[in-house]
Amino acid sequence: MKNTKLNFSGQRINVGIDLHKKSWTVTIIINGIKVKKFSMNPSPQELYNYLRKHYPQGEYYTVYEAGYSGFWVDRTLRSLGIRNIIVNPADVPTKSKERRRKNDKIDSGKLSRELSVGHLEGIYVPDISAESLRVLVRLRRQLVTDQTRYKNRIKSLLLFLGKKVPEDVDEKHWSKRYIQALRELPIEQRETKIALDELLNALESIRKQIVSVVKQLRSYVSQDEKAGKIIDLLISIPGIGFILAIILYSEIIDIKRFKKLDELSAYVGFAPALYSSGEKEINLGLSKQRNKYLRNYLIESAWVAIRRDPALQMAYGKLLRRMDSRKAIIRISKKLLNRIRYVWINEQPYKLSVV
């Protein structure tokens, strides 16, 4: 009697997954042939069960795009024995027809297609401890953004009412004295006074949260020897304080995963966007691909660094002879990034005035 059981031993099962909150769209390619496309519940275990049932003993490879879902799906798939990668959406080759007709089926289809021909490279996935630190660091940034929004709402309300704080009270850092002056502004209408007080209460609550988060971050650094050592080294660099140091640490995690400065620069967002046609190559400025948590911070840091390090000030002066200040500070930011990389890799404090 012949064995009628399915056995895909030695065969590669390529699975492209388009993740959504309520469902996943899945496309399966085997031996270059698209064999299945379907929607399913957002569950790694259910996907694994489906693959085991319909393609038993196969070698399962999956891919999905980085996004809202984080890394828990990747970790679960890997724990089930599935070889999964997460890709940057911008790095997935896309046909012109797919750009015009974008939908979930096409997205999962192109992922499985490019996975099957080996055109995809997975992004770095931090371990769960490093990811947890990153979550806390990013929370601080979100709270700072919320703080700014509430300050702007308060300013808008004051403009609407035509109210001003006494001139002898400094607004710059929104001190306790300044906030108290806002609370004491003469506002006759009860409802308007309530609105201002509630905005001030919300602002003070957010500020307390920011202080609490920073305290937790300092506690983490003091307890983690490796993190503490790197943070101390980064703080030795002009223009970098504790907050930027821990942002750098939490976003990069392992500096040695970038073999060259150009790779690190591209990750941060200092790589140029180029348009090439025939023999012509046009520089379109900075690429839109970037780590949104790093590039702007490093540019701000570079402005401080050129005031503190004579070598960077000299380099900035030379750049100003052939370009405007905006382009020059981008070059200095990349130079600063190179020095950050050197300090981190070699575990040596920063030295001023080194050309």
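Sequence-ordered 3J(HN,Hα) estimates for region 121-130 from the Karplus curve with 6.51, -1.76 and 1.60 and θ = phi - 60° stand at 10, x, 7, 6, 10, x, 6, 5, 5, 5 Hz, glycine and proline given as x.
Distant-in-sequence amide contacts of Glu65, defined by a placed amide H-H separation under 5 Å and a gap of 5 or more residues or a different chain, comprise Leu19, Val87. Each of the peptides 316-324, 214-222 was scored by the mean count of other Cβ atoms within 10 Å over its residues; in descending order, highest first, they stand as 214-222, 316-324. Only lysines eight or more places from Lys36 in sequence, or on another chain, were considered; those with a Cα closer than 25 Å are Lys5, Lys21, Lys22, Lys53, Lys95, Lys97, Lys102, Lys105, Lys110. A viscosity of 0.692 mPa s and a temperature of 37 °C, combined with the Kirkwood radius over C-alpha pairs in the Stokes-Einstein formula, give region 14-170 a diffusion coefficient of 178 µm²/s. Close amide H partners of Ile13, meaning residues 5 or more places away or on another chain with modelled amide H under 5 Å apart, are Glu59, Tyr60, Tyr61. With contacts taken as Cα pairs under 8 Å and at least 6 residues apart, region 127-285 reaches a relative contact order of 23 percent. Protein heavy-atom accessible surface, 1.4 Å probe, per residue over region 288-355: 62 Å². Rounded to whole numbers, the Karplus 3J(HN,Hα) couplings from phi for region 187-201 are 10, 6, 6, 4, 5, 5, 4, 4, 4, 5, 4, 5, 5, 5, 4 Hz, using 6.51 cos²θ - 1.76 cosθ + 1.60 with θ = phi - 60°, and x at Gly and Pro.
Where only DSSP H runs of four or more residues are counted, the chain gives -17500 deg cm²/dmol as its mean residue ellipticity at 222 nm, each run worth -39500 (n - 2.57). The HN-Hα couplings worked out from phi for region 78-88 by the Karplus form 6.51 cos²θ - 1.76 cosθ + 1.60 (θ = phi - 60°) are 5, 5, 8, x, 8, 7, 10, 10, 10, 10, 6 Hz, whole numbers, x standing for Gly and Pro. Ordered from largest to smallest accessible area (heavy atoms of protein chains, 1.4 Å probe), the residues Lys256, Lys5 come out as Lys5, Lys256.
Looking at region 95-244, what % of the alpha carbon pairs are farther apart than 23 Å? That tail contains 61 percent of the Cα-Cα pairs.
Here, P(r) means the percent of Cα pairs in each 5 Å bin from 0 to the largest distance; for region 200-355 it is 2, 8, 16, 18, 18, 15, 10, 7, 4, 2, 1, 0, 0. Dimensions of region 118-162 from C-alpha coordinates, computed as largest minus smallest value along each principal axis and given longest first, are 62, 28, 6 Å.
Extending 7 Å from the Cα toward the beta-carbon at both Asp324 and Lys155 defines two label points whose distance is 2.4 nm. Remark: the Cα gyration tensor places region 175-242 in the prolate category, a/c being 1.5 or greater and a/b exceeding b/c. If you take the square roots of the eigenvalues of the alpha-carbon gyration tensor of region 42-90 and sort them as a ≥ b ≥ c, do you get rounded (a/c under 1.5), prolate (a/b over b/c) or oblate? Cα axes put region 42-90 in the prolate bin. Legend: translational diffusion of the chain by Stokes-Einstein, Rh = Kirkwood radius over C-alpha pairs, 25 °C, 0.890 mPa s; D = 100 µm²/s. Evaluated over the Cα positions of region 314-355, the convex hull gives a direction-averaged projected area, one quarter of its surface, of 3.0 nm². By the rule of a C-alpha distance below 22 Å, with chain neighbours fewer than 8 residues away ignored, the lysines paired with Lys151 are Lys163, Lys164, Lys172, Lys176, Lys193, Lys208.
The heavy atoms of Thr76 present about 50 square angstrom of accessible area, all protein chains included, probe 1.4 Å. Taking the inverse of the mean 1/r over every pair of distinct Cα atoms in region 1-57 gives a Kirkwood hydrodynamic radius of 12.4 Å. Taking a cut-off of 12 Å, what percent of all Cα-Cα pairs in region 144-204 are separated by more than that? Taking all Cα-Cα pairs of region 144-204, the fraction more than 12 Å apart is 67 percent. Each Cα pair under 8 Å and six or more residues apart adds its sequence gap; the mean of these over the residue count of region 292-355 is a relative contact order of 40 percent.
Judged by the mean number of other Cβ atoms found within 10 Å, the most tightly packed of the peptides 114-124, 176-186 leads the ranking 114-124, 176-186. For the chain, the residue among Leu19, His119, Ala328 whose Cα projects farthest onto the positive side of the dipole built from Cβ charges is His119.
The values are calculated or read from the model by the stated rules, or taken from the named source; none is laboratory data. Quantities reported herein were computed from a predicted structural model and do not represent experimental measurements. So basically every Cβ, Gly included, is an ideal-geometry build from the backbone, and we count neighbours across all protein chains shown. To get the accessible areas, we keep the full protein, side chains included, count just its heavy atoms, and leave off ligands, DNA and RNA. Shrake-Rupley method; radii C 1.70, N 1.55, O 1.52, S 1.80 Å.
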